[in-house]
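First comes the structure, then the notes that go with it.
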Amino acid sequence: MADRPTAVVALGGNAISDPDAEEDIHSQFAQTRRSMGAIVSLLEAGYELALTHGNGPQIGYELIRVEKARGHAPVQPIGVLDAATEGWMGYMIEQSLMNRLVDERIDRKVVSLVTQVVVDRHDPALADPSKFIGPTYSRAQAEEKIEFEGWTVKEYSDGRWRRVVGSPIPREIVNASTIRRLLDAHHIVICAGGGGVPVYREPDGHLEGVDAVIDKDRASALLGTSIGARDLIIFTSVEKVALDFGEPDQRELARMTVTEGKRQLAGGQFPAGSMGPKIEAAIEFLEGGGERVIITDLEHARESVDGEAGTMITGV
């Protein structure tokens, strides 16, 4: 199978949560099942696939459950909840994809792997939390969370606030060699879910957990370079990356280079809360040895790898 290119596929929130449905486990399963058509199309394009996914809303809801259960059940730290969400979401994606493969009569094995990701325990992001998680609150509700729950809360949009946690830069995928072996065995691997479980290394080599959330796209880029993936495919809610997004003169991009991406980032075109982390991840992947990054929506998965849809980012 050495001649089959490997792609890391980062599933966005829209692959798991339907914005038009009530947010519960049933709607998440239903949306995940609908999203598997895009994965099948990539298999048909000849890829070996490692799938990653976000967990922002899910980790937020887990934290709410922890707070509601305070005094009645042991408190679970964020790092443990990272592993918990990676586990059950991996199961959901794994089962959904396995069922779709049965329907398509495709003989492939699927495995989900709880993945540890090394970060710097002194990363400045841990002292200045910025990663939004969970639902939004009014200012009064946010102040109550700060006072009684000890949360760090920042304004998310006009009049609405959300909890923030540290989001350190991923440095090493602990399970990278295992993931590569599984891919070489022709398995589809679901890994680094939610950016993986953040850990740091002690001087003696032992691993210890960190209460933080790693950005899924940056972890996906690191995963890609760590396993020698050719392509990084990032699914989001729009077909193409755009300049002046949402403005009357919005311009969609079919192609972009690393140099152009850096220039537009510096010019403020890609905000930190939306497309910015995806472009940063694309640059990191390409500068780390990757060949192509594709950013598109689920509906244009197959066309995008042929250059007929989406935004393709390459080096130089």
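Since every read-out is calculated from the coordinates, none of them should be taken as a lab result. All of these numbers come straight from a predicted model, not from anything done at the bench. In this analysis, Cβ positions are derived from the backbone assuming ideal geometry, glycine residues included, and neighbour counts consider all displayed protein chains.
Just a few scattered comments:
- Rg over Rh for region 1-135 works out to 1.02, both radii taken from alpha-carbon positions and Rh defined as the Kirkwood radius.
- Reachable lysines, given that their alpha-carbon falls under 19 Å from the alpha-carbon of Lys154 and they are not under 8 places away in the same chain: Lys131, Lys145
- Peptides 182-189, 245-252, 48-55 ordered by average Cβ neighbours within 10 Å, highest first: 48-55, 182-189, 245-252
- Given charges at Cβ of Lys, Arg, Asp, Glu: the chain dipole, positive-most of Val118, Ala212, Gly290: Val118
- The slack in the chain from Asp128 to Glu22, taken as 0.36 nm per residue of separation less the alpha-carbon distance, amounts to 34.9 nm.
- Estimated dipole of region 154-248 in Debye, rounded to 20 [Cβ of Lys and Arg +1, of Asp and Glu -1, Cα centre]: 160 debye
- Using the rule -39500 (n - 2.57) for each DSSP H run of four or more residues, divided by the residues of the chain, the 222 nm mean residue ellipticity is -12000 deg cm²/dmol.
- Listed peptides 147-158, 27-38 by packing density, highest first (mean Cβ within 10 Å): 27-38, 147-158
- Listed residues Ala45, Phe235, Ile190: farthest to the positive end of the dipole of the chain (Cβ charges): Ile190
- Karplus-derived HN-Hα couplings along region 29-35 (A = 6.51, B = -1.76, C = 1.60, θ = phi - 60°), whole Hz, x at Gly and Pro: 4, 4, 5, 4, 4, 5, 6
- Environment charge of Gly46, counting only residues whose C-beta is closer than 13 Å and scoring Lys/Arg +1, Asp/Glu -1: -1
- For Ala73, net neighbour charge (Lys/Arg +1, Asp/Glu -1) across residues whose Cβ lies under 12 Å away: +2
- Cβ crowding within 10 Å averaged over residues, with 13-20, 276-283 ranked highest first: 276-283, 13-20
- Over all other residues within a Cβ to Cβ distance under 15 Å of Gly276, the charged ones net out to 0, with Lys and Arg as +1 and Asp and Glu as -1.
- Region 73-211: Cα Rg divided by the 2.2 N^0.38 Å rule of thumb: 1.28
- Neighbour-count order for Leu223, Leu81, Leu207, Leu101, fewest beta carbons within 10 angstrom listed first: Leu207, Leu101, Leu81, Leu223
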